[in-house]
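S.K.: Next up is a structure, given as structure tokens.
The values are calculated or read from the model by the stated rules, or taken from the named source; none is laboratory data. For clarity, every value in this text was computed on a predicted model and none was experimentally measured. Cβ atoms come from the backbone with ideal geometry, glycine included; neighbour counts cover every protein chain shown. Surface areas here come from the heavy atoms of the whole protein model, side chains and all, with no ligands, DNA or RNA. Shrake-Rupley method; radii C 1.70, N 1.55, O 1.52, S 1.80 Å.
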Amino acid sequence: MTAFLEGFSPVVQALFGTLFTWGVTAAGALPVLFTKTFNRKLLDLMLGLAAGVMIAASFWSLLAPAIEMADGSWVPATIGFLAGGIVLRGIDRLLPHMHSWFGPTGQAEGLSTSWRRSILLVLAVTLHNFPEGLAVGVAFGAASLGIPGATLGGAMALALGIGLQNFPEGMAVAMPLRREGLSRGKSFWYGQLSGMVEPIAGVLGAWLVVAVRAALPYALAFAAGAMIFVVIEDLVPEGQLGGNAHLVTAGAMLGFAVMMTLDVALG
């Protein structure tokens with residue numbers, strides 16, 4: 001696979017990688033075509049897995065290369081990391097969305113709107129997926145520049161890890177929509193739609209770092225900060241709502257170990 005991708009520009013590589021992650025989101029929504037029920041314990045375990053993958057990816061695939069590219073300086077990594085969290089928080093405050101259908105309130109966040117609950121939930125997961133796609137794109141862009149610490153194998157590992165954690169996100173959108181009375185087809189459509197932003201973000205990220213090489217350490221750290229924001233703000237609290245805290249923790253530990261292994265083995 002590495003040899004195949006080497007024949008393409010980093011923007012096309014990023015497109016391939018994020019089309020894969022979008023496809024896994026669609027795969028996660030696919031079971032809604034056959035059932036409207038799901039095992040909450042399994043979903044919480046997978047949410048924990050997603051959190052662990054994103055935490056590991058934030059360091060191994062993004063922050064560590066950013067620090068190495070800056071000759072060990074902490075400044076670009078710190079600025080970029082905090083900027084990623086601040087920007088996501090700003091979007092979180094403005095964009096109408098609903099993080100959870102499983103909590104006691106299910107209240108919408110962001111600016112007041114009359115949009116349907118289904119649209120709000122899709123927007124929330126779309127907000128999650130943008131930094132993931134951006135991270136994959138930035139990783140492929142960094143690998144193309146031949147900078148130590150950023151390799152094509154590492155970018156592929158990041159795409160694989162992000163893809164794995166996208167599965168529960170597709171399920172977490174599609175299944176509640178089905179239980180709310182939407183048809184199987186519409187529930188699946190909205191579930192996979194939440195991942196459509198990843199190819200857009202991936203192409204944007206790859207193009208940005210190739211066009212403005214000096215911004216690369218900041219871009220890597222920005223993607224890391226945005227993903228850590230999603231983990232702490234959404235994934236971990238959502239997993240805790242079902243009363244399966246130990247499963248969420250186990251999933252996070254497993255996800256971290258898997259992503260770390262993928263990055264070290266392929267990078």
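S.K.: According to the square roots a ≥ b ≥ c of the eigenvalues of the Cα gyration tensor, what is the shape class of segment 33-97, taking rounded for a/c under 1.5, prolate for a/b larger than b/c otherwise, and oblate for the remainder?
M.R.: oblate
S.K.: Next question, about the same structure. Karplus couplings for segment 51-57 from phi (6.51 cos²θ - 1.76 cosθ + 1.60, θ = phi - 60°), rounded to Hz, Gly and Pro as x?
M.R.: For segment 51-57, the Karplus-derived couplings read 4, x, 4, 5, 5, 5, 5 Hz, x marking Gly and Pro.
S.K.: Considering Cα pairs under 8 angstrom that are at least six residues apart, work out the relative contact order of the chain and quote it in whole percent.
M.R.: Once divided by the residue count of the chain, the mean separation gives 43 percent.
S.K.: To the nearest 20 Debye, how big is the dipole of the chain about its Cα centre, given +1 on the beta carbon of each Lys and Arg and -1 on that of each Asp and Glu?
M.R.: Numbers: 12 positive and 14 negative charges, 178 e Å.
Result for the chain is approximately 860 debye, rounded to the nearest 20.
S.K.: Would you work out which of 94, 257, 215 lies farthest towards the positive end of the dipole of the chain, given +1 charges on the beta-carbon of Lys and Arg and -1 on that of Asp and Glu, about the Cα centre?
M.R.: 94
S.K.: Along the charge dipole of the chain, Cβ charges K/R +1 and D/E -1, which of 32, 142, 81 sits furthest on the positive end?
M.R.: Of the candidates, 32 comes out farthest on the positive side.
S.K.: Shape of segment 174-267 from its Cα gyration tensor (a ≥ b ≥ c, root eigenvalues): rounded if a/c is under 1.5, otherwise prolate when a/b > b/c, or oblate?
M.R.: Oblate, since a/c reaches 1.5 and b/c is not below a/b.
S.K.: Right, next: By how many nm would the segment from residue 240 to residue 94 grow when fully extended, if each residue of separation counts as 0.36 nm and the alpha-carbon distance is taken off?
M.R.: Here the answer is 50.1 nm.
S.K.: Taking the chain as a Gaussian network, Cα atoms linked when under 10 Å apart, which of 74, 189, 207 shows the biggest mean-square fluctuation?
M.R.: Between 74, 189, 207, it is 74 that shows the largest mean-square fluctuation.
S.K.: Which FRET efficiency value, to the nearest 0.05, do you get for residue 78 and residue 264 by plugging their Cβ-Cβ distance into 1/(1 + (r/R0)^6) with R0 = 35 Å?
M.R.: Working: r = 24 Å, r/R0 = 0.69.
Efficiency computed from Cβ-Cβ geometry: 0.90.
S.K.: OK, next. With +1 assigned to the C-beta of every Lys and Arg and -1 to the C-beta of every Asp and Glu, and no other charges, what is the dipole magnitude of segment 176-267 about the Cα centre in debye, to the nearest 20?
M.R.: The calculated dipole for segment 176-267 is roughly 300 debye.
S.K.: Additional query: Per the 1.4 Å probe, what fraction of the accessible area of segment 147-217, in percent, lies on carbon and sulfur atoms?
M.R.: The C+S portion of the solvent-accessible surface of segment 147-217 is 70 percent.
S.K.: Enumerate the calculated ³J(HN,Hα) couplings along segment 204-211 in order (Karplus 6.51 cos²θ - 1.76 cosθ + 1.60, θ = phi - 60°), each rounded to whole Hz, writing x wherever the residue is Gly or Pro.
M.R.: 4, x, 5, 5, 4, 6, 6, 6
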